[in-house]
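The values are calculated or read from the model by the stated rules, or taken from the named source; none is laboratory data. Keep in mind that this is a model prediction, so the values were computed, not measured. Positions of Cβ are generated from backbone atoms using ideal geometry, with glycine treated the same way; all protein chains shown enter the neighbour counts. Ligands, DNA and RNA are stripped out before the accessible areas are found, and what is left, the full protein with its side chains, is counted by its heavy atoms. Shrake-Rupley method; radii C 1.70, N 1.55, O 1.52, S 1.80 Å.
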Amino acid sequence: MDEERKIRVLIAKPGLDGHDRGAKVVARSLRDAGMEVIYTGLHQTPEMIVATAIQEGVDAVGMSIMSGAHNVLMPAVVDGLLAKGAEDIVVFGGGIIPDDDMESLKKKGIKGLFTPGTSTETIISWVRENVKPS
Amino acid sequence: MEDVLNRDIRAGARLLRWIDDGVGEARSILKQLYSHTGKAAIVGITGNPGAGKSTLVDQLITRYRAQKKTVAVVAVDPSSPFSGGAILGDRIRMQEHALDEGVFIRSFATRGHLGGLTGTTADVVHVFDAMGWDLVLVETVGVGQDEVEVQRLAHTTVVVMAPGMGDEIQAIKAGILEIADIFAVNKSDRDGADRTVRELRLMLDMGKEAIQQQQERVCPPGWMPRVIKTVSTKGEGIDELMTALAEHRKAYENACRDPNFVRARLRREFLDVFRRTLFTRGWSYLMHEDHLKEVVEKLQDGSSDPYTLAKQAVNALGRL
Ligand SMILES: Nc1nc2c(ncn2[C@@H]2O[C@H](COP(=O)(O)OP(=O)(O)OP(=O)(O)O)[C@@H](O)[C@H]2O)c(=O)[nH]1
Ligand SMILES: [Mg+2]
């Protein structure tokens, strides 16, 4: 067979806020960088994100959270993946995240964190660097 | 392999990934899974972009779940021809089922890395079938050849149309009339739905004989395509659609008692695998050790012609 491995990423929008512009911009730029992006729309619970990531066989999950609930929602996804034996899926996120929170989130297994204004190039090269197709 | 048969979600998801990526191991597992296939009902849902296919699939999942049937969904969206990437968004309309363990939704991009041939959808359907899902719903965008491909694969093909998009005329051109077992005229909360239904019925009636001849090999004998009005955002017409699906299923199962019907199906299935095997084999030969480069050089210096070279390449395959 002819192997063609591609990076697959789930871009999810957990929580109650309705701002998915950032998520959509990231989704589009990852697509333009040759990746396959599964986009699930607004108001996803961590459980939904975990189940979706596993069914879709993704290499990474990116979350965009603007509501300030990142300290709860992001680690919940990491823990959920771990509980299902899918800890090899890389988790990253974006949003308005204070420096103090960054540290603790990284300790909790969120590998990459991006604040508003980060260029899409930065995000793309971070994904290329840190996510390998399974 | 055992895990896949025991419907282990992780194992199934990984195998699907191998198939999608063209990893060699997938083929040997598929071989072993084959004897466990043949139980699922396979329904194809196709139609123009934005016609409402995913919303309709979402409704069908709800109905089948109410009947206690398990449902796998294969949602195919086009890859970007420029970057090779894709945004797969069909799931958005189905996320209410994300936590239901009786539902497995998987999105695929067309990729088409083998010179435009997609083809792996058939393998994906086999995996879900072997895993024991009762229903496999396959959503594909209808652009030219794709509908035909989905119809070769599905037991029942639903073509989704939206009124006022000029779909009726396109239907004749694209040969959609010949592939649909059921037409869903969706968005019939909009103007023009009745007209679309009328025109479709008229065209179906006029083309009756041609359609039945065309479908002889694939369609249960005597089945005439149904036309059903739906509003999938509101769940209207879905009961009628479910009834038509059940009737077609019955007709299909009856037809399967006829060995000729089954033979035609097996023949089609085999030719599909054969075509892909041959192409993959030929492709990797051409890509191997500069074979393609040599071909192009001979064309450039005028020492040979494409017909001779293509034949030589095919002959070389047999000796490998
Ligand atoms: N008014 C109306 N809108 C509908 C109906 N069904 C779907 N829609 C809307 O049409 C849009 C497209 O629906 P989808 O279900 O995503 O259509 P699709 O055919 O799957 O689209 P692609 O997968 O992108 O080709 C959405 O905004 C739906 O809400 C309907 O019966 N009536
Ligand atoms: Mg869709």
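Taken together, the criteria place residue A:93 among residues that are open to solvent by less than 30 Å² (accessible area, probe 1.4 Å), not in a loop (DSSP other than H, G, I, E, B) and not β-branched (Val, Ile, Thr). Out of the range A:12-38, which residues are crowded, with 24+ Cβ neighbours inside 10 Å, within 9 Å of chain B (Cβ to nearest Cβ) and either at pLDDT below 90 or in contact with a helix residue (DSSP H, G or I) (Cβ under 6 Å, 6 or more places away or on another chain) (or both)? Answer for the range A:12-38, where residues must be crowded, with 24+ Cβ neighbours inside 10 Å, within 9 Å of chain B (Cβ to nearest Cβ) and either at pLDDT below 90 or in contact with a helix residue (DSSP H, G or I) (Cβ under 6 Å, 6 or more places away or on another chain) (or both): A:37, A:38. Scanning the range B:33-47 for residues that are in contact with a strand residue (DSSP E or B) (Cβ under 7 Å, 6 or more places away or on another chain) and in a loop (DSSP other than H, G, I, E, B) yields a single hit, B:40. A search for C-beta distances below 7 Å between a residue of the range B:57-69 that is more than 15 Å from residue B:136 (Cβ to Cβ) and any residue that is within 13 Å of ligand 2 (Cβ to nearest atom) and open to solvent by 20 Å² or more (accessible area, probe 1.4 Å), counting only pairs 6+ apart in sequence or on different chains, returns B:58/B:93. Look through the range B:76-94, keep the residues that are within 7 Å of another protein chain (Cβ to nearest Cβ) and open to solvent by less than 10 Å² (accessible area, probe 1.4 Å), and return whichever of them is farthest from residue A:27 (Cα to Cα). The selected residue is B:91.
When residue A:29 is tested against (1) among the hydroxyl-bearing types (Ser, Thr, Tyr); (2) under 13 Å from the mean Cα position of the chain (by Cα); (3) farther than 17 Å from residue B:92 by Cβ, just one condition goes unmet, and that condition is (2). Among the residues of the range A:110-118, not a single one is within 14 Å of chain B (Cβ to nearest Cβ) and under 13 Å from the mean Cα position of the chain (by Cα). When you check residue A:87 against the structure, is it more than 9 Å from every other protein chain (Cβ to nearest Cβ), within 30 Å of residue B:123 (Cβ to Cβ) and in a loop (DSSP other than H, G, I, E, B), yes or no? In short, yes.
The requirement of being open to solvent by less than 30 Å² (accessible area, probe 1.4 Å), away from chain A (no Cβ under 14 Å), modelled with pLDDT under 90 and not in a strand (DSSP E or B) is fulfilled nowhere in the range B:97-119; no residue meets it.
Taken over the range B:42-52, residues that are out of contact with any helix residue (DSSP H, G or I) (no Cβ under 6 Å at 6 or more places or on another chain), within 13 Å of ligand 2 (Cβ to nearest atom) and open to solvent by less than 10 Å² (accessible area, probe 1.4 Å) amount to 1.
On the basis of being open to solvent by less than 20 Å² (accessible area, probe 1.4 Å), within 11 Å of chain B (Cβ to nearest Cβ) and of a type in the set (D, E, K, R), does residue A:8 make the cut? Considered against the rule, which asks whether it is open to solvent by less than 20 Å² (accessible area, probe 1.4 Å), within 11 Å of chain B (Cβ to nearest Cβ) and of a type in the set (D, E, K, R), residue A:8 comes out as yes. Among the residues of the range B:59-75, those identified as within 12 Å of chain A (Cβ to nearest Cβ) and either more than 11 Å from ligand 2 (Cβ to nearest atom) or within 16 Å of residue B:184 (Cα to Cα) (or both) are B:72, B:74.
Inclusion of residue B:77 among residues that are in contact (Cβ under 8 Å) with a residue 60 or more places away in the chain and closer than 24 Å to residue A:84 by Cα is not warranted.
Of the residues making up the range B:235-278, those that are closer than 19 Å to residue B:158 by Cα and not in a helix (DSSP H, G or I) are B:235, B:236, B:237. Residues that are part of a helix (DSSP H, G or I), within 14 Å of another protein chain (Cβ to nearest Cβ) and open to solvent by 70 Å² or more (accessible area, probe 1.4 Å): does the range A:55-62 have at least one? There is no residue in the range A:55-62 that is part of a helix (DSSP H, G or I), within 14 Å of another protein chain (Cβ to nearest Cβ) and open to solvent by 70 Å² or more (accessible area, probe 1.4 Å). For the range A:105-124, a tally of residues being in contact with a helix residue (DSSP H, G or I) (Cβ under 6 Å, 6 or more places away or on another chain) and among the polar types (S, T, N, Q) returns 1.
Residue-by-condition table, conditions (1) more than 13 Å from ligand 1 (Cβ to nearest atom); (2) at pLDDT below 95; (3) aromatic (Phe, Trp, Tyr):
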{"site": "B:29", "(1), (2), (3)": "yes, yes, no"}
{"site": "B:34", "(1), (2), (3)": "yes, yes, yes"}
{"site": "B:41", "(1), (2), (3)": "yes, no, no"}
{"site": "B:46", "(1), (2), (3)": "no, yes, no"}
{"site": "B:50", "(1), (2), (3)": "no, yes, no"}
{"site": "B:58", "(1), (2), (3)": "no, no, no"}
{"site": "B:63", "(1), (2), (3)": "yes, no, no"}
{"site": "B:69", "(1), (2), (3)": "yes, no, no"}
{"site": "B:78", "(1), (2), (3)": "no, yes, no"}
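Results for (1) touching a residue at least 12 places away in the same chain (Cβ under 8 Å); (2) away from ligand 1 (no atom under 16 Å from the Cβ), shown as yes or no for each residue.
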position: B:225; (1), (2): yes, yes
position: B:232; (1), (2): yes, no
position: B:238; (1), (2): yes, no
position: B:283; (1), (2): yes, yes
position: B:307; (1), (2): no, yes
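With respect to residue A:46, determine if the residue is open to solvent by less than 30 Å² (accessible area, probe 1.4 Å) and more than 9 Å from every other protein chain (Cβ to nearest Cβ). When the stated conditions are applied, residue A:46 passes them. The requirement of being hydrophobic (A, V, I, L, M, F, W, C), open to solvent by 20 Å² or more (accessible area, probe 1.4 Å) and within 7 Å of chain B (Cβ to nearest Cβ) is not satisfied by residue A:69.
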